Amino acid sequence: HLATSLPLPSERDHLRPRIDLVVFMIDIKSKYSLKNVETSLAYVDASYFLGKVCFLVTGVGRKNDCSIETNSVCKLGEAYCSPVLFCELELEGVRVATAQRLVRMLGICAGQIPGVSALSFVSLMRKSNDD
Amino acid sequence: MDETVAEYIRRTVLKIPRDEIKMMLQNWGFLSEAQLQTLNFHQIKDNISQEVVQLCEENSADIKQAAALDIIYNHIYQNKRMWSVYQMKKSGEELEYFDITDFKKKFKRRLRSALKNVTITFKEYEDNAIWIRVAWGTPHKKPNQYKPSYVVYHSQTPYVFISSSVLKSTLPLLCQALIVASNYHDIREMELRSHSLNSLKDIVFKRYSQNFQTDTPKPLQGGNVEPENADIRIVEENKSEKERIHRLNQEVFGSGPQPKLEFAQYRLETMFKSDPKMDVLDKKEPFRCLVKFSSPHLLESLKSLAPAGMADAPLSPLLTCIPHKARNYFKIREKKSLYPESFVSP
């Protein structure tokens, strides 16, 4: 399901299946995109931040057009305990690989992989020098 | 043949892309078909132009013919020049029959009475456009052929498109000659400028598609509407919002291509409004600021802002009024009334 921002329109509530993974796409060329994501985060239930949220930064192939610092996005990821992925949609190889990664994550979040749950992502997020 | 004429012809030919030279010379019609056959268009342009000059020498070309070639070049490459739009006003309602010979005579007479050394060339085109080229001199110097003014006048309309010479002092003379020749009594410059002459014509002649609904809006190639082959597994949550934006865009911009403008400029003479606690710019003077929007195709990019998610729809009327108001230069002043909002000056 694609949405431009949160909250989702309520008139479609009855048509929506269970949401297993929320991917926030941030276009590195657009400050507006980061702002939009920051505002939308407020509408996500806290339980999702146990591995069911991820940030996807796109447009990283064009170094000269960056409007957002990668540092700010990484800090956002840390604040919300969620992984940050970087990708360039215009490169087919990277696009396909990222899509496969997301599908794998989705499978885990949906509980389709026995023995692994979304909580595993949270433990992987912790930095080694935190302990 | 005068060597200044020879040099001018040589330089004009050099400007033309090599593949177009033959076509333009044929269009010009000054060299015979037999003479054109002798030209080798596959050599470097320097040599081609030298050969052309030699042929012109044989035909004893004078500045009139050279100027005619220049008009042809500028008509085809009209978008290399910056054009301004002027509107003429008649004193009464009389619709006089337009006589082209009379117009040319009066125009030449008016200019020459003010300035002896001018080169004036006319060329009429099928779309009722009269092209005028004026090269300016001084009482003591021959006209400078390299800094001419170009005027495009559609006789059935009160509009004149001028690409002025860099010699600024020539503009008032040019305007005067135009109103005298066309039997108008006044001329004013509109705040509308662009490189695309056709787009300026589209705007003032209202030839672009405006916002009245046509029977079926055709889907645009730019991708403003959802592509039909989108995967059915993709669900758009904000479909109704996207459709609202699309509908608003159609209402404001129409469904056809937009006239091509390169910029919009807003000169602000408004008071700076800040939080009183911030104590910034306490002076009661207007805060002077110039906002300029530039784009290879300004109106198309404005049209695609909301669908691309880069701006909220509807866009500010200051941006969307550009074609309707036929202007892309604005002055915004404080409204002197009870409600301190800014307004656009006429």
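Quick one: is B:TYR146 open to solvent by 70 Å² or more (accessible area, probe 1.4 Å), of a type in the set (Ser, Thr, Tyr) and not assigned by the TED database to the domain that holds B:ARG10?
When the stated conditions are applied, B:TYR146 passes them.
I'd like to check something: does the range A:99-108 contain any residue that is in a helix (DSSP H, G or I) and either among the basic types (Lys, Arg) or over 16 Å from the mean Cα position of the chain (by Cα) (or both)?
yes
Taking only the range B:49-87 into account, find how many residues are over 16 Å from B:ILE21 (Cβ atoms) and surrounded by fewer than 17 Cβ atoms within 10 Å (Cβ to Cβ).
Number satisfying all stated conditions: 10.
Any residue at all in the range B:154-171 that is open to solvent by less than 40 Å² (accessible area, probe 1.4 Å), closer than 30 Å to B:SER113 by Cβ, at pLDDT 85 or above and in a helix (DSSP H, G or I)?
Yes: one or more hits.
So which pairs qualify, if the first residue must be in the range A:1-28 and more than 20 Å from A:CYS109 (Cα to Cα), the second must be outside any helix (DSSP H, G or I) and of a type in the set (Val, Ile, Thr), the Cβ gap must be under 6 Å, and the two must be at least 6 apart or on different chains?
Pairs found: A:ILE26/A:VAL57; A:ASP27/A:THR58; A:ILE28/A:VAL57; A:ILE28/A:VAL60; A:ILE28/A:ILE68.
Filter the range A:111-124 down to residues that are open to solvent by 70 Å² or more (accessible area, probe 1.4 Å) and part of a helix (DSSP H, G or I) and give me whichever is modelled with the lowest pLDDT.
Among those that are open to solvent by 70 Å² or more (accessible area, probe 1.4 Å) and part of a helix (DSSP H, G or I), it is A:LEU124.
Of these, B:PHE103, B:PHE98, which one is hydrophobic (A, V, I, L, M, F, W, C), in a loop (DSSP other than H, G, I, E, B) and at pLDDT below 95?
Unique residue meeting the criteria: B:PHE98.
Only one of these conditions is not met by A:VAL60: (1) among the aliphatic types (A, V, I, L, M); (2) open to solvent by 60 Å² or more (accessible area, probe 1.4 Å); (3) away from chain B (no Cβ under 14 Å). Which number is it?
(2)
A:PRO17 versus (1) away from every other protein chain (no Cβ under 14 Å); (2) at pLDDT below 90: which is the lone unmet condition?
That leaves (1) as the condition not met.
Working only within the range B:233-259, note down all residues that are within 13 Å of chain A (Cβ to nearest Cβ) and either in a loop (DSSP other than H, G, I, E, B) or open to solvent by less than 30 Å² (accessible area, probe 1.4 Å) (or both).
Once the filter is applied, which keeps residues that are within 13 Å of chain A (Cβ to nearest Cβ) and either in a loop (DSSP other than H, G, I, E, B) or open to solvent by less than 30 Å² (accessible area, probe 1.4 Å) (or both), the range B:233-259 yields B:ARG233, B:ILE234, B:VAL235, B:GLU237, B:ASN238, B:ILE245.
So which residues in the range A:20-38 are assigned to a helix (DSSP H, G or I) and either within 9 Å of another protein chain (Cβ to nearest Cβ) or more than 21 Å from B:LYS239 (Cβ to Cβ) (or both), if there are any at all? It would help to see each step written out before you state the result.
Of the range A:20-38, the ones assigned to a helix (DSSP H, G or I) are A:31-38.
Once the filter is applied, which keeps residues that are assigned to a helix (DSSP H, G or I) and either within 9 Å of another protein chain (Cβ to nearest Cβ) or more than 21 Å from B:LYS239 (Cβ to Cβ) (or both), the range A:20-38 yields A:LYS31, A:TYR32, A:SER33, A:LEU34, A:LYS35, A:ASN36, A:GLU38.
Check off (1) farther than 22 Å from A:LEU124 by Cβ; (2) of a type in the set (Val, Ile, Thr); (3) within 12 Å of another protein chain (Cβ to nearest Cβ) for A:ILE68 and give me the number that stays unchecked.
Status for A:ILE68: all satisfied but (3).
Does A:LEU8 satisfy the criteria of being among the aliphatic types (A, V, I, L, M), surrounded by 16 or more Cβ atoms within 10 Å (Cβ to Cβ) and out of contact with any strand residue (DSSP E or B) (no Cβ under 9 Å at 6 or more places or on another chain)?
Against the criterion (among the aliphatic types (A, V, I, L, M), surrounded by 16 or more Cβ atoms within 10 Å (Cβ to Cβ) and out of contact with any strand residue (DSSP E or B) (no Cβ under 9 Å at 6 or more places or on another chain)), A:LEU8 qualifies.
Suppose we filter the range A:92-110 for residues that are surrounded by fewer than 14 Cβ atoms within 10 Å (Cβ to Cβ) and of a type in the set (S, T, N, Q); how many remain?
So the count comes out to 1.
The values are calculated or read from the model by the stated rules, or taken from the named source; none is laboratory data. Because the structure is a prediction, the values reported are computed rather than measured. Note: ideal-geometry Cβ built from the backbone for every residue, glycine included; neighbour counts use all protein chains shown. Note: accessible area is taken over every heavy atom of the protein model, side chains too, but ligands, DNA and RNA are not part of it. Shrake-Rupley method; radii C 1.70, N 1.55, O 1.52, S 1.80 Å.
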